[in-house]
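**Student:** I have a structure here, written as structure tokens, and I will follow up with some questions on it.
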Amino acid sequence: MAFGEQLQLLRRRSGLTQEQFAEELRVSRQAVSKWESGKGYPEVEKLLYICQRYDVTLNDLFEQGDNEPISREISPAVPLKASVAAFVSNLSPRNKWLSAGILLGVALLAGFMGLCLKGGKAEMEMIVWIAAMVVFGVVEAVTVGLVSIWFVLGSAAGLIAAICEAPIWLQVLLFFIVSIAALIATRPLVRKMMDKNIVPTNADAVLGKEARVTEAIDNTVPSGAVYVDGKTWSARSESGETLPEGTLVRTVRMEGVKLFVERL
């Protein structure tokens, strides 16, 4: 059992509300709620006072109990085709059109080099590859969408082949081989960019969930607390009605550190 749960159990066993417990410790009610929600710990002197006042030890307060082994599910490997497909679907419409234009440009570049540079000079071939590197680099810098960085590396491979006076067909072949290899090598980054799962914050995670009233909610006092998602929260009634302990409610909204709830 976590410290917050131990503290709440100790307070409830003593028949105290959070307000009364806070007054006894000379702290705010929000501080007590925070401690019981597992979001912080009292100062050392407060802990010592609690131990002396309620005849408990620090070990009792911080006892975690038997921890069950955590089983971690190993995510199955995602095929490269599925990864690329998900990555493309995650692009904005503008970047999708831009990517299509880049692929078309690559095809045209290959055809152009095959027709115009056949038997040409190595200097012209190097100029073409350098120009391709610049174009793809500028596109990547503008979009910052990982749409043409692979072709920059492929163009660099073609440039090296041109410097070594390799035939044009080999230059184009190296361009495609290196570009594809770069795509495979950056696959983990592609998977991160395609991941659309948004981890909610603690506040967002409890909204709309079912909760149980652990301390009678009365807006006129004011008092009240609910237990939801493994933590205790200070709570108020959204409609203003009094909700007795044990009532099942649903969290509607959050205001500061208080949850506003309604009866199920």
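The values are calculated or read from the model by the stated rules, or taken from the named source; none is laboratory data. These numbers were taken from a predicted model, which means no experiment stands behind them. Ideal geometry is used to build each Cβ from the backbone, glycine not excepted, and the neighbour counts take in all protein chains shown.
**Student:** Which of the numbered conditions does LEU47 fail, given that it passes all the others? Conditions: (1) among the aliphatic types (A, V, I, L, M); (2) within 36 Å of the chain's Cα centre (by Cα); (3) under 27 Å from VAL206 (Cα atoms).
**Tutor:** (3)
**Student:** Report, by residue number, each residue of segment 227-264 that is modelled with pLDDT of 90 or more and of a type in the set (Phe, Trp, Tyr).
**Tutor:** TYR227, PHE260, listed by residue number.
**Student:** Let me ask something else. What tally of residues in segment 237-258 results from selecting those that are of a type in the set (Val, Ile, Thr), farther than 22 Å from ALA31 by Cβ and under 25 Å from the mean Cα position of the chain (by Cα)?
**Tutor:** Looking only at that region, the number is 1.
**Student:** Ok, one more. Could you please tell me which pairs satisfy a Cβ distance under 8 Å, a separation of 6+ or placement on different chains, a first residue in segment 14-26 that is in contact (Cβ under 8 Å) with a residue 12 or more places away in the chain and outside any helix (DSSP H, G or I), and a second residue that is of a type in the set (Val, Ile, Thr) and surrounded by fewer than 16 Cβ atoms within 10 Å (Cβ to Cβ)?
**Tutor:** none
**Student:** Is it the case that some residue within segment 208-226 is modelled with pLDDT under 85 and of a type in the set (Asp, Glu)?
**Tutor:** No: segment 208-226 contains no residue that is modelled with pLDDT under 85 and of a type in the set (Asp, Glu).
**Student:** Another one. Taking segment 114-161 as the search range and keeping residues that are within 23 Å of THR186 (Cα to Cα) and loosely packed, with under 13 Cβ neighbours inside 10 Å, which one is modelled with the lowest pLDDT?
**Tutor:** My answer is VAL144.
**Student:** Continuing with this model, one more query. Going by what's in this entry, would GLU215 be described as at negative phi, outside the structural domain of ALA22 (by TED's automatic domain parsing) and outside any strand (DSSP E or B)?
**Tutor:** Judged against the criteria, GLU215 is not a match.
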